[in-house]
Amino acid sequence: MMLLSMLAVTTVGVVRARNLFAVAVLSGVYSFLMASVLIVLDAVDVAMTEATVGAGISMVLVLGVLHLTKTDEARPVHRALLPLFVATVTAAILVWAVSALPPFGIADAPIHVAGPDYLARSLAETGIANVVTSVLASYRGFDTLGETVVIFTAGIAVLMLLKRTPSGRGGESS
Amino acid sequence: MKELVGNLAAHFNQWITVFLMVSGLYIVIARGNMIKKLIGLSLFQTSVYLLYISPGKILGGTAPILEDGVSVYANPLPHVLILTAIVVGVATLALGLALVVRINEAYGTIEEDEIFERDTRG
Amino acid sequence: MRLDVILRITAKLILPMMLLFAVYVQFHGDYGPGGGFQAGVIAGATVILYALIYGLGATMVVVPVAVVEALIPLGVLVYAATGVMGLLTGGNFLDYSHLADDEVHGQEWGVFVVELGVFVTVASTMVAIFYAVAGRGRR
Amino acid sequence: MTGETLIALALVIPAATALLTPLFARHPNLRESVTLLGTVLLFAALLALLSKVLGGARPALHVLDVVPGLAVAFAVEPLGMLFATVASGLWIVTSLYSIGYMRANHEVRQTGYYVAFAAAIVATVGIALAGNLFTLFLFYEMLTLVTYPLVIHHRTPEAKAAGRLYLMMLLGASTVLLLPAIAWTAVAAGTLDFRPGGILAEKLSPTALAMLLALFAFGIAKAALVPLHFWLPAAMVAPTPVSALLHAVAVVKAGVFFVVKVIVYVFGVETLSTSGAGDWLVFAAAGSILIASMVAMTRDNLKARLAYSTVSQLGYVVLGAALATHWGIVGSGMQIATHALGKITLFFCAGAIYTVHHKTEVSELAGLGRVMPVTFAAFLVGALSIIGLPPGGGLWSKWYLVLGALDGGQIAIVAVLMISSLLNVAYLLPIPLRAFFGTAEGEATNGRAAEAPLPLLLAMSATSLACVILFFFPGIVFNPLQSMATQ
Amino acid sequence: MREHLPALQVLVPLFGALLCALVRRPRAAWLIAAVVSWIVPVIAVMLLAQVLGTGVVSYHLGGWDPSIGIEYRVDALNGLILVLVSGMAAVIAPFARRSVAAEVETGRVAWFYTMYLLALTGLLGIAITGDAFNAFVFLEISSLSSYALIALGSHRRALVAAYQYLVLGTIGATFYVIGVGLIYVMTGTLNLGLMAERIGAVQSTRPVLAALAFITVGISLKLALFPLHVWLPNAYAYAPSTATVFMAATATKVAIYLLVRFLFSVFGVGFVIADLPVTPILTVFSVAAIFAAATVAVFQSDAKRMFAYSSVAQVGYITLGVALATATSLKGGLIHIVGHALAKGGLFMALGAVTMRSRAFDIDDLCGIGRRMPLTMAAVVVAGLSLIGVPGTIGFVSKWYLVVAAFERGWWWLAFLIVASSLITVVYIGRFVEAAWFREPSAAAMGATEAPVSMLVPIWLLAVATVFLGLDARLPAGIAEQAASALGLR
């Protein structure tokens, strides 16, 4: 609960801060907090990834880009009424919905009862103790392939956008 | 009122989740600075992680890494999904930032209002 | 200048350990938290750190751009090819059961190779992006 | 040859003409002979088909199903047969006329002109022989689209403006009113086929029937029922042969033919007369007749006056059908044929006058009759036929319409018919009379060749002759219609 | 091999993309893309034939049961979509070579084709998968690659367009994930089929209702349902021609498929249509889209933008077919998906050819282009007629079904709205055609010459297809019929 509240506070900070460096750092903090929350929730793999990605890659990327652009955010000229409205509506629907979800942490929620029983079969079928890995790489291996393709896509896309190609370079135009 | 408090206790992390989501969404829509927008976007996506992970937790359980003497584990499936989601998120962020760099070079600014106004001026 | 020296020496110590850690995370993924993705990130970070300290030029000698850009699709290729192997060995796509003589080992092998593919793509992508951004920086 | 083959030929021949014409763009003589050949062949095919139909046969041809329920199919029946034959017969004459006219006036884009013309004939034949509402609609829209280039033939700003009006009114009405009407029919009747006695019997309430009829009557803007007539005068910017065949015969007759066809084969005369859903249309048509005639009197431009006269004459056809009586149907059928012959004659004359003396206004024609007697003689005959006086075939159509009105017990309508005939006299007869007996202010002939070129003369005398023939032998038209109406 | 067709459907383009990224030579990349684009439709057609012959095809990836693994599932509905998407890709391939060479700088051509194939992979993946989360992954693949493709446009606005699409697209995708997550928490499965089975028990609980809302909104963002369309016009207008053609012909269609899948298969017709006010809401937005977007299109000066807005309007017809939720209306919607893909594909290809030959985008600069590029512009006329819905084109068939469906429901006012809207289409198509054919050639037009054969052939293929299917639409209609009955629509 403590962590979660801190998360909330950090978010407020992100919303309010105008200096983008501060925002970047705050979002890094946010990621670390998120990671610790995830650990509490027994999602160690996710926590590890969130830490490396959120606090690592994302922050590096943002800072790198900030280095190429400017670092202060201008005050928005137009009124923020519509966004506020959209946000509140979304919030209302979500609160309305989640407050009817099965209570936190109980063992007989649908996803545990009706959900797939990886825990029971992982060792027997794949011999892998870390069920997350076995599900990731085998049971739902296709999602992970897709995930890798996403990285591939993003990588090529960024190269395509940022890499300087002196047009008509011999090797490529041929 | 009482059941509301009870509800709050039972769903505290979901309520926080909602708060994070919405504030992320708010940043995206309300702010004109393209980098800020992207950060808001990743906030928005990150908050979804909790929505998936929280229900997977079983009180008294441990991480889904099988070992002897432990019987209650958290549900691994949400973890897998979220791992994918994280990757998708960072991929989007990277691409978005690349675009921002190019836009900054083309327009000399990353404030949407200024960009539109420069375009209308041709 | 002295700072720089210190930096270089510490880096000399740290970088190998980082790589080692990456390898550990990669292979220990079956028994503890970790896997191709996280390992890839760490490895990529190592290279980037190296570039930050020893300069882009030096890094591009050690890790040439062309190689990096070739590795991105190769990683995915490894993954997909493993899937196709399953398809050729009489199972469905991504069915590792027949990769080894008994199903469980087949699965283990499959998972191992697949994670390797993820590792390659992730690490090389990070480096490639870094190169691109850095190349953008020096104008 | 079987009826199916003949139907197919009737569509293929003009289509082939349209496709072959461009190949000879470089050699005008070859090109024109292709056109003429096409016209003659088509006419022959239709005559052969006509003989079968008169023999009581009802050939049909099912081409394809677009989707279940939407079929491209043809079914020949007397009215359509009549329409097709008249149109193709006049196509021969008009082509002859066109050759003379286009060359004499050194018109541009002649190849495109002949192509579009042939395409228009394809559409017209398709309309005439269509076996269900969808097929009819298909060719109806096609006719609109292929005649558009002819309307804007001169590419002048007013031509384009007219073209825009033409498209928007015809397409607009047909999509917004006609298409829903057809869909409604499909949903209500479960079929779109034309059946003797109609397909809507006991399917809809009288009010619904009236509404549906309104959708059809106004959706078919080609019928130029006031107030949906503006496109017709506007379309007069086209070269005269176009106005002659398309906007006095093919296009507008396609409209009224559609209306009659719908009333006879979709609603069914019985259903309509018993439900009384057609009464309002009778009066709408009557109004259209009178208003258009009055406007025609005020027009000095010859082609404009003829156009408004057309609008009012089309009113007769709709009226006859709306009466939903035996003689009414026969009358409107005959009106289609006789008015076609009469009005095309008048347009031929107008074109001849323009070609030789470049006169477009009625007021300029005084004394011209003595210069070009043949032209104005033809004009006189055509005018008489349209008014409904001997020796013009128009007499008979008017006669049967009056009978139909009396059957329907619509005395008021009889009166309307009388009045409008007087109006016709008032705006048509003065033209030839002043031409013959009036005195030209200034020189009328501007000293050039007096009478029109030969092809033009041939064309107009042929049509005027046809008017006279119809006066002496109305049976040619009457018998098939009689057989249809008595079904 | 036959039983592995579902996997191959997605793998072939994926491997193609990888190869393109490895061999960096433009010509070779195009060749790979072309070969791939010509293989996938064959696979798709075989799959569809299999479905029509022996019923639903199910493929278990990794050999795991759908309850624990990921399933590929092909029925008449997504079989049709697969054929459409891959077929369009096959037609676009020959067109792409010259167009891309002209618009994309040589160093990036190979990457362009990589992205293009990835987009294809993503769309096929969304269409074929039977797993809600897997659909999300492939949605992101197609989205990310589309952003990159758009950003390759020559004008700097292309970058901004790509950025806006990225932001909105990501919001949409995230909404979708939220919805899926809620359903997952309530039902404990991600497999669409199992969801459909289990959702009945919890269908009126708040999370499921919210899930319906989030999924609908999220997908609506991707399919550019008015007023969530703001990203589309700029994206289409400034992307490279080939990318525009591909997206306009396929992307929105696949999103619509996903919406149909969730509304009618997962949540179920009985629940969504009978118990919830989905029909009126969706109808209102669709009609709004049809009129608003078409009206805006009339006032565009840039030809590509004009047709982009027209796309928004045309999507309205399709969603209308979904909204009315009768067998007839869905038939109309599905046939319109096909028809619009053909017509709009042809139009944007023609514009691409014009762009290559004249470098002009403004309608006023394209005056008299018909004289210089008669064949191309003739195809534009044909495709335009299909957009208007003139009988004899496929555009009419779909409109016919929609009007009839409206009458069947007794909503005669809706029928009139539908037909009235096509008048607006007449206006903007007419405006373009008149400018191209009946005006004096402009400077840019005078410089142009007829498009190369490699472009004319695909353009005319599509134009002819619109007419052919307009005269014989029994095949698509039949498939649509099957799909509708499979979804339980009457």
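Tabulated data
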{"quantity": "Filter result (of a type in the set (Val, Ile, Thr) and in contact with a strand residue (DSSP E or B) (Cβ under 9 Å, 6 or more places away or on another chain)) within region E:54-103", "calculated": "E:VAL56, E:VAL57, E:ILE70, E:VAL74"}
{"quantity": "Residue count for region E:390-401, restricted to those that are in a helix (DSSP H, G or I) and either of a type in the set (Val, Ile, Thr) or under 19 Å from D:ALA173 (Cα atoms) (or both)", "calculated": "6"}
{"quantity": "Unmet requirement for C:LEU87, which otherwise passes all of (1) without any contact (Cβ under 8 Å) to a residue 12 or more places away in the chain; (2) not in a helix (DSSP H, G or I)", "calculated": "(2)"}
{"quantity": "Cβ pairs under 7 Å, 6+ apart, first in region A:6-27 and within 7 Å of chain B (Cβ to nearest Cβ) and more than 16 Å from B:LEU20 (Cβ to Cβ), second surrounded by 22 or more Cβ atoms within 10 Å (Cβ to Cβ) and not β-branched (Val, Ile, Thr)", "calculated": "A:LEU20/B:LYS36"}
{"quantity": "Candidates E:ALA463, E:ALA451, E:ALA435 - the one that is assigned to a helix (DSSP H, G or I), among the aliphatic types (A, V, I, L, M), in contact (Cβ under 8 Å) with a residue 60 or more places away in the chain and more than 13 Å from chain D (Cβ to nearest Cβ)", "calculated": "E:ALA463"}
{"quantity": "Within region E:182-209, tally of residues that are facing chain A (nearest Cβ under 10 Å), of a type outside the set (A, V, I, L, M) and under 26 Å from E:PRO66 (Cβ atoms)", "calculated": "8"}
{"quantity": "Failed condition for E:LEU228, given (1) of a type in the set (A, V, I, L, M); (2) open to solvent by 10 Å² or more (accessible area, probe 1.4 Å); (3) part of a helix (DSSP H, G or I)", "calculated": "(3)"}
{"quantity": "Residue among D:ALA221, D:ALA214 that is surrounded by fewer than 23 Cβ atoms within 10 Å (Cβ to Cβ) and modelled with pLDDT of 90 or more", "calculated": "D:ALA214"}
{"quantity": "Residue among E:LEU22, E:LEU14 that is hydrophobic (A, V, I, L, M, F, W, C), open to solvent by 30 Å² or more (accessible area, probe 1.4 Å) and within 13 Å of chain C (Cβ to nearest Cβ)", "calculated": "E:LEU22"}
{"quantity": "Some residue of region D:189-211 being within 26 Å of the chain's Cα centre (by Cα) and assigned to a helix (DSSP H, G or I)", "calculated": "yes"}
{"quantity": "Filter pass, D:PHE43 being part of a helix (DSSP H, G or I) and under 23 Å from D:GLY255 (Cα atoms)", "calculated": "yes"}
{"quantity": "Count of residues meeting criterion [more than 10 Å from every other protein chain (Cβ to nearest Cβ) and open to solvent by less than 30 Å² (accessible area, probe 1.4 Å)] in region D:153-172", "calculated": "4"}
{"quantity": "Test: residue in region C:85-102 that is within 30 Å of C:MET60 (Cα to Cα) and facing another protein chain (nearest Cβ under 7 Å)", "calculated": "no"}
{"quantity": "A:ASP143, sole failed condition from (1) part of a helix (DSSP H, G or I); (2) closer than 26 Å to E:ILE199 by Cα; (3) in contact (Cβ under 8 Å) with a residue 12 or more places away in the chain; (4) within 11 Å of chain E (Cβ to nearest Cβ)", "calculated": "(3)"}
{"quantity": "Helices (runs of 4 or more DSSP H) contained entirely in region A:50-138, each with at least 1 residues that are away from chain E (no Cβ under 14 Å)", "calculated": "A:59-68, A:81-98, A:118-126, A:131-134"}
{"quantity": "Residue that is within 16 Å of the chain's Cα centre (by Cα) and more than 23 Å from A:PHE104 (Cβ to Cβ), where the choices are A:VAL29, A:VAL15", "calculated": "A:VAL29"}
{"quantity": "Test: residue in region A:136-143 that is of a type in the set (Asp, Glu) and either buried (at least 16 other Cβ atoms within 10 Å of the Cβ) or closer than 21 Å to E:LEU209 by Cα (or both)", "calculated": "yes"}
{"quantity": "Odd one out for E:LEU159, checked against (1) aliphatic (A, V, I, L, M); (2) in contact with a strand residue (DSSP E or B) (Cβ under 9 Å, 6 or more places away or on another chain); (3) within 14 Å of chain A (Cβ to nearest Cβ); (4) farther than 17 Å from A:GLY146 by Cβ", "calculated": "(2)"}
{"quantity": "Matching residues, region E:72-103, being crowded, with 24+ Cβ neighbours inside 10 Å and within 14 Å of chain A (Cβ to nearest Cβ)", "calculated": "E:TYR72, E:VAL100"}
{"quantity": "Residues satisfying the stated conditions in region C:21-49, i.e. closer than 13 Å to C:ALA11 by Cα and open to solvent by less than 30 Å² (accessible area, probe 1.4 Å)", "calculated": "C:THR46, C:ILE48"}
{"quantity": "Matching residues, region C:127-139, being out of contact with any Asp or Glu (no Cβ under 8 Å at 6 or more places or on another chain) and at the interface with another protein chain (Cβ under 7 Å from one of its Cβ atoms)", "calculated": "C:ILE129, C:ALA132, C:VAL133, C:GLY135, C:ARG136, C:GLY137"}
{"quantity": "In region E:401-417, the residues that are more than 7 Å from every other protein chain (Cβ to nearest Cβ) and under 20 Å from E:THR466 (Cα atoms)", "calculated": "E:TYR401, E:LEU402"}
{"quantity": "Failed criterion for E:ILE68 (all others in (1) more than 11 Å from chain C (Cβ to nearest Cβ); (2) in contact (Cβ under 8 Å) with a residue 60 or more places away in the chain; (3) open to solvent by less than 10 Å² (accessible area, probe 1.4 Å) hold)", "calculated": "(2)"}
{"quantity": "Selection within region D:397-412 - at pLDDT 90 or above, open to solvent by less than 50 Å² (accessible area, probe 1.4 Å) and of a type outside the set (Ser, Thr, Tyr)", "calculated": "D:LYS398, D:LEU401, D:VAL402, D:LEU403, D:GLY404, D:ALA405"}
{"quantity": "Residues that are of a type in the set (Ser, Thr, Tyr) and over 16 Å from the mean Cα position of the chain (by Cα), drawn from region D:89-123", "calculated": "D:SER95, D:TYR97, D:SER98, D:TYR101, D:THR111, D:TYR113, D:TYR114"}
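So that you can scan it fast, the table gives a plain yes or no per residue for (1) in contact with a Lys or Arg (Cβ under 6 Å, 6 or more places away or on another chain); (2) buried (at least 18 other Cβ atoms within 10 Å of the Cβ); (3) part of a helix (DSSP H, G or I):
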{"position": "C:VAL5", "(1), (2), (3)": "no, no, yes"}
{"position": "C:ALA51", "(1), (2), (3)": "no, yes, yes"}
{"position": "C:VAL67", "(1), (2), (3)": "no, no, yes"}
{"position": "C:ALA70", "(1), (2), (3)": "no, no, yes"}
{"position": "C:TYR79", "(1), (2), (3)": "no, yes, yes"}
{"position": "C:THR82", "(1), (2), (3)": "no, yes, yes"}
{"position": "C:ALA100", "(1), (2), (3)": "no, no, no"}
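Matching residues to (1) touching a residue at least 40 places away in the same chain (Cβ under 8 Å); (2) assigned to a loop (DSSP other than H, G, I, E, B); (3) open to solvent by 10 Å² or more (accessible area, probe 1.4 Å); (4) out of contact with any Ser or Thr (no Cβ under 6 Å at 6 or more places or on another chain):
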| residue | (1), (2), (3), (4) |
| --- | --- |
| B:HIS79 | no, no, no, yes |
| B:GLU105 | no, no, yes, yes |
| B:ASP113 | yes, no, yes, yes |
| B:PHE116 | no, no, yes, yes |
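The values are calculated or read from the model by the stated rules, or taken from the named source; none is laboratory data. Everything numeric in this text was worked out from a predicted model, so none of it was measured. Quick reminder, even Gly has a Cβ in these numbers, built from the backbone with ideal geometry, and neighbours come from all protein chains shown. Areas reflect the complete protein model, heavy atoms only, side chains present, ligands, DNA and RNA absent. Shrake-Rupley method; radii C 1.70, N 1.55, O 1.52, S 1.80 Å.
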